[in-house]
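Rule-based calculations on the coordinates, nothing more; no lab input. None of these values were measured; they are calculated from a predicted model. As a convention, Cβ positions derive from the backbone with ideal geometry for all residues, glycine included, and neighbour counts pool all protein chains shown.
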Amino acid sequence: MKYPLLYSIVLLLFMACNTMEETPNTMNEQTQKTEFALAIHGGAGTILKENMTPLLEKQYKAKLTEALQAGHAVLKGGGTAKDAVEQAIVILEDSPLFNAGKGAVFTHDGHNELDASFMDGKNQGAGAVGGVRTVKNPIRAARAVLEKSKHVMLTGAGADQFAKEQGLECLDSSYFYTERRWKSLQSAQRAEDGQSVILSEDDEHDYKFGTVGAVALDKQGNLAAGTSTGGMTNKRYGRIGDSPIIGAGSYANNETCAVSSTGHGEFFMRYLVAYDIAALMEYKEWSLEKAATYVIQKKLKKKGGEGGVIALDKYGNISMPFNTAGMYRGYILPNGELKIGIYGNDDF
Ligand code: ASP
């Protein structure tokens, strides 16, 4: 060999770079299981402080707090991660502030078509509903598909019928109407027709997502994830997004993590965002933070996919990356201490 020293240096550098890439990033992350944990989101998007009123901000924070405290009570009392996820999401679905349940966005034809998914990390049990029009709490219907049917996903009128047969509360579709979302549909349609539209404060929020989701770890070490949405304003032709797609909108596996997504569904579906995070942890042994940040901030962002996730690993580590201006999000610790964030620069 002509230059043995140079060759050895190059080889060593190459090995060092490779090791860096493969080494699990355990920065600030615990590897001892916390007692229990819960994180929620209320959608990601163009959420800017200058477009928000103090009153609206207060309302969002109060609702996120209520949802976190409800899930926390379940987990503290020894309840399951599945129950905590359901309880937290039902509170967000019942609030007109979020694009899920009451307050869901409108389709092109003026309907509300709701999607939801639910996953049990213990056994990869999964359930989902797409395009339901009467189920008050679609997350309950998704869970019922998981627990009471032999299927994973039901859609349309059949899914509404299934929910009714399961004794879930079904209502006239007018229940889902909110003036705010109706106005957003009008603006979206005017914009589609090429008319210039001045977006109101609410439109700014409504245009960009607003899905809700929760991930939980219970005292028994089980993870669960759930996501619920009205989809995207002005959607047509029975469009269904990522939220009810297992692996895209929700994913849970006790060996790795629980994830709930929010953002531009078409991208989350193509890149199987929720599963991708779990797969990086499983196959590459990456930490939760490293895997979730990489998928949202690098991979998805590079492809032009806007949104974020909440993710929780089997030890109770939480990661909440997003590549949009903001994301309604929060978590609660076993001692009841909670953190809520809305904007990109909120300190976590
Ligand atoms: N992901 C949802 C969808 O594409 C929208 C959202 O997250 O708000 O249907």
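Take the Kirkwood radius over Cα pairs of the chain, plug it into Stokes-Einstein at 4 °C and 1.567 mPa s, and you get 64 µm²/s for translational diffusion.
Percent of C-alpha pairs per 10 Å bin in the stretch 65-131, short distances first: 20, 41, 30, 8, 1.
With a/c under 1.5 counting as rounded, go ahead and sort the stretch 87-189 into rounded, prolate or oblate using the C-alpha gyration tensor (a ≥ b ≥ c being the square roots of the eigenvalues; past the cut-off, prolate if a/b is larger than b/c, else oblate).
Judged from the Cα gyration tensor, the stretch 87-189 comes out prolate (a/c at least 1.5, a/b above b/c).
Could you state the angle between the C-alpha long axis of helix 179-192 and the longest principal axis of the C-alpha atoms of the chain, as a value from 0 to 90 degrees rounded to the nearest 10? That helix lies at roughly 70 degrees to the long axis. Shape of the stretch 263-348 from its Cα gyration tensor (a ≥ b ≥ c, root eigenvalues): rounded if a/c is under 1.5, otherwise prolate when a/b > b/c, or oblate? It comes out oblate by the Cα gyration axes. Sorting the segments 50-57, 296-303, 318-325, 241-248 by their mean number of nearby beta carbons within 10 angstrom, highest to lowest, gives 241-248, 318-325, 296-303, 50-57. If R0 is 25 Å, the Cβ-Cβ spacing of Lys61 and Lys298 corresponds to a FRET efficiency of close to 0.25.
On the basis of the beta-carbon distance and an R0 of 45 Å, Glu266 and Asn335 show a calculated FRET efficiency of 0.65.
Shape analysis of the stretch 250-292 yields a ratio of the Cα radius of gyration to the Kirkwood radius, Rg/Rh, of 0.96. Remark: the Arg190-Val152 segment gains 9.9 nm on full extension, using 0.36 nm per residue and subtracting the alpha carbon distance.
Across the stretch 245-256, coupling constants 3J(HN,Hα) worked out from phi with the 6.51/-1.76/1.60 Karplus curve, θ = phi - 60°, read 8, 5, x, 9, x, 9, 7, 8, 8, 4, 6, 10 Hz, and Gly and Pro carry x.
Going by C-beta contacts inside 10 Å, put His264, His72, His151 in order with the fewest on the left.
Ordered by Cβ neighbours within 10 Å, fewest first: His151, His264, His72.
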